[in-house]
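Just so you know, all these numbers are worked out from the coordinates, no wet-lab data involved. Nothing here was measured: the structure is a model prediction, and the numbers come from that model. Cβ: placed from backbone, ideal geometry, glycine included. Neighbour counts: every protein chain shown.
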Amino acid sequence: MLNRFHYIFGKTFVMKRTRNLLLMIFLLLAGFACQQTEKEIIANKIQYDVNIKSPDPDYDWWIQNLPGPQREKFVDMIIDGALTGKFKVYDYYNQPIATSDVKMILSDTSYYTIVNEEPPYTERDTMVVSNIFREDVLRIRFLEEWRINPDNLQVEKRVLGIAPIARRPDLMGMERWQPLFWIYTDEKFLEELENERK
């Protein structure tokens, strides 16, 4: 008789415990669902540059900087993916670029007319070929969509595209920043680009 009592009592206890656990899970899920506020789009497209190597060695290591191994890996992923055709690559006007043309982008050819500084002040045309190395890629340009939760100002960013930017000195020694190409990471955005071209 005692064993039967333990069996019935134990079975009832387990059933109540299971029911209570299921009820608590349901209430938690219902509570989270009620707290979800619809995020508002604050930017369909926003573009900005991010330094991936600090311009100032006095900054803390994490300010405008990715640590060396992570930076190199990130740049390698982008460049290798473009060179091998793993990623579709686009120029600054959103026109597709062939994989073979990516190699040409990484070799910058400039033509200059140089005037002698001394009489007879003759002019000569000069071609300067300079290669863009992975170490020259010190910035990444992001194209993103931003959404915000108005209740708590949580911002959600969706990356639409990335462009590596190389630091290039010109013939006069002035620093300039050259976006190399775009890789669009969002399929929906790529479809919109394709439709715009048609």
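A few points about this structure:
- Per-residue Karplus couplings for the range 91-106, computed as 6.51 cos²θ - 1.76 cosθ + 1.60 with θ equal to phi - 60°, are listed in order as 7, 5, 9, 6, 8, x, 10, 5, 4, 5, 6, 4, 4, 5, 5, 6 Hz, Gly and Pro entered as x.
- The protection proxy used here, the mean number of other Cβ atoms lying within 10 Å of each residue, ranks peptides 72-84, 133-145, 111-123, 151-163 as follows, highest first: 133-145, 72-84, 151-163, 111-123.
- Close amide H contacts of GLY161 (hydrogens built in the peptide plane, cut-off under 5 Å, sequence separation of 5 or more or a different chain): LEU143, THR185.
- Note on the range 60-185: with charges restricted to the Cβ of Lys and Arg (+1) and Asp and Glu (-1), its dipole about the Cα centre is near 520 debye.
- Were the residues from THR99 through GLU191 laid out at 0.36 nm apart, the gain over their Cα-Cα distance would be 31.1 nm.
- Scalar couplings 3J(HN,Hα) for the range 48-58, obtained by applying the Karplus form with A = 6.51, B = -1.76, C = 1.60 to θ = phi - 60°, are 7, 9, 10, 5, 10, 9, 4, x, 9, x, 7 Hz; x denotes Gly and Pro.
- Local net charge near VAL128, Cβ-Cβ under 13 Å (Lys/Arg +1, Asp/Glu -1): -1
- Per-residue ³J(HN,Hα) for the range 131-148, Karplus 6.51 cos²θ - 1.76 cosθ + 1.60, θ = phi - 60°, Hz, x for Gly and Pro: 8, 9, 9, 4, 5, 6, 7, 10, 9, 10, 9, 9, 10, 9, 10, 10, 10, 10
- Neighbours of ASN116, meaning other residues whose beta-carbon lies under 11 angstrom from its beta-carbon, give a summed charge of -2 when Lys and Arg score +1 and Asp and Glu score -1.
- Legend: distances between Cα atoms for LYS86/LYS188; LYS45/LYS86; LYS39/LYS157; LYS86/LYS198; pairs beyond 20 Å are LYS45/LYS86; LYS86/LYS198.
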